[in-house]
1. Residues A:80, A:93: which one is away from chain B (no Cβ under 14 Å), loosely packed, with under 14 Cβ neighbours inside 10 Å, more than 18 Å from the chain's Cα centre (by Cα) and closer than 15 Å to residue A:34 by Cβ?
2. Just to confirm my filter: which strands (runs of 3 or more DSSP E) fall fully inside segment B:208-307 and include at least 2 residues that are under 19 Å from residue B:179 (Cβ atoms)?
3. Just to verify a result, which residue in segment B:317-332, among those that are crowded, with 21+ Cβ neighbours inside 10 Å and assigned to a loop (DSSP other than H, G, I, E, B), is farthest from the other protein chains (Cβ to nearest Cβ)?
4. If you take just the strands (runs of 3 or more DSSP E) that sit entirely in segment A:172-266, which of them hold at least 2 residues that are modelled with pLDDT of 95 or more and within 11 Å of chain B (Cβ to nearest Cβ)?
5. Answer yes or no as to whether residue B:201 is part of a loop (DSSP other than H, G, I, E, B), on the phi > 0 side of the Ramachandran plot and touching a helix residue (DSSP H, G or I) at 6+ places or on another chain (Cβ under 7 Å).
6. Output the number of residues of segment A:17-38 satisfying the condition of being closer than 27 Å to residue A:281 by Cβ and exposed (fewer than 15 other Cβ atoms within 10 Å of the Cβ).
């Protein structure tokens, strides 16, 4: 997740952009700025599984395991210079701005919330679709520094590379390489025209199948595409405009699985023009 | 190595219109889900969803919310590969209870869906011409329970609208014994008549859920009939404190207060009694427990005699209730390895007061699906009624 807290971060909210650990083009800190209190910051996910005990004997029975969404517990401090914490009018101004961003994340209905950073030696990563969780009142530490403690929650159980790649598998078998460490749930765009399609993950033995003869299934024409969100298990017809309509009625419920892309090579077979929107993902 | 413990299968629930158009999936949304499969009773599914989620609260094209009472279907699919489907249809029904309550910031909607048998309790019995019974009732003479039930359902379909029950040979429609005479009184519903037919002991029924979107008119269950549903499942064995050790909890209750070993049933309003039937062996052990009941709505002596015979078989030793909670993934898989009506071995050591090593007939399988997707059977209920099969 996040192991370095001294580099630049960018918080994107409906209120705008908030730089944290701001630097100039040469890597020099730019003050006044917000800084993390690293010893108090942590990012991670929880495991969930059902466990019961073997009746009248030793041992346990373990169910399937799952990961919760990412939770970032964060502490931010406003600083005027490298030696001087923000105080007076500047403190008020910076805290107002910060809390304005946090409140906007509480009310974010558009899903624009995101936090990005660049680990040393790696591409920029993000925690996407964040929402404000529990937030504390601001505190004064050592009589001089002001701290704001808050939590950011994401529905995804992984962080992602900010760069999104499009992998095209058009009526063929192809391999999508995932260099991350997480089971990533892609968005798949299937371009029309088509009446039916089948997209299979050959390694996992699962498939997504569509048929426009199913009751209520929309017809996907030459200028349309069907967008399948495997994380949210929804399918949307996108017509020029864009005009959006529900496409879930065309998915075969008794055979389809909204499948992930796993670390390593993923062999996919399609009989349609399928484009996988992929972000490398990390646990 | 032997069998591995089975991996708890995933479940998927979907809301559709009554024309079978998929509206929304309840994946990653519904919680506290249960599916209860009971012999000779409607299959029931319950669940809970957040009321403010757009996957359930957006109005559909008919103006009602995606999750709406009475005019939708809910299908439950289980990823068990049964009959070649990756996701086998294990529940199909109508949401008939949608209850929303809000506490401070949160609103939660609890729903209950029943298979179409529940709706038959609101359909009147009719003859083949669609005529409602007169004060003399609707009489069937020298017909099997299977044929009577199909006739009632077909008449309801023709004159009162879709039943969503396929009564053709798509399902297993095994022949059953002839009932010399049975009368359904004025005001009797198809559901009540259905239960009376089963009470004769000549027929068991199963409604098997199906997801068939291409056949008109819309059917969501197959009717299956049997002289007695279920088979002996030799490979299914549930044991507490005995080898197997695949039972988390077990209740074994014997209740003699409801014992009946001399039964005399009356038929018709102020009517005569059918001959008293006795279980002499039970009377020798326990004494006489006499039961006299009246069936003013049933004027056919033959039907009442059949009911009395079935009741004697069930109650002559008193009521024995065995309830078992098998270990998830350690016990055999419900709906694959055993079904309601099947006979399975249940064993317990004498640490349960009374050691058990019997076969019990499965009456009800309540399946709970927790929020980690782990399926468990919480309170598998057995009936000790008489077994006449092999």
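The values are calculated or read from the model by the stated rules, or taken from the named source; none is laboratory data. Just so you know, these numbers come straight off a predicted model, no measurement behind them. Neighbour counts are summed over all protein chains in view; Cβ atoms, including those assigned to glycine, are modelled from backbone coordinates with ideal geometry.
1. From the options A:80, A:93, the qualifying one is A:93.
2. By residue number, B:221-226, B:262-267, B:290-295.
3. In this case the residue turns out to be B:331.
4. Qualifying strands (runs of 3 or more DSSP E): A:206-211.
5. Against the criterion (part of a loop (DSSP other than H, G, I, E, B), on the phi > 0 side of the Ramachandran plot and touching a helix residue (DSSP H, G or I) at 6+ places or on another chain (Cβ under 7 Å)), residue B:201 qualifies.
6. 4
Results for (1) within 30 Å of residue B:193 (Cα to Cα); (2) touching a residue at least 24 places away in the same chain (Cβ under 8 Å), shown as yes or no for each residue.
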position: B:13; (1), (2): no, yes
position: B:31; (1), (2): no, yes
position: B:36; (1), (2): yes, yes
position: B:52; (1), (2): no, yes
position: B:104; (1), (2): no, no
position: B:107; (1), (2): no, yes
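Rundown of residues vs (1) in contact (Cβ under 8 Å) with a residue 60 or more places away in the chain; (2) closer than 30 Å to residue B:50 by Cβ; (3) surrounded by fewer than 17 Cβ atoms within 10 Å (Cβ to Cβ); (4) out of contact with any strand residue (DSSP E or B) (no Cβ under 9 Å at 6 or more places or on another chain), yes/no style:
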site: B:137; (1), (2), (3), (4): yes, no, no, no
site: B:154; (1), (2), (3), (4): no, no, yes, yes
site: B:165; (1), (2), (3), (4): no, no, no, no
site: B:194; (1), (2), (3), (4): yes, no, no, no
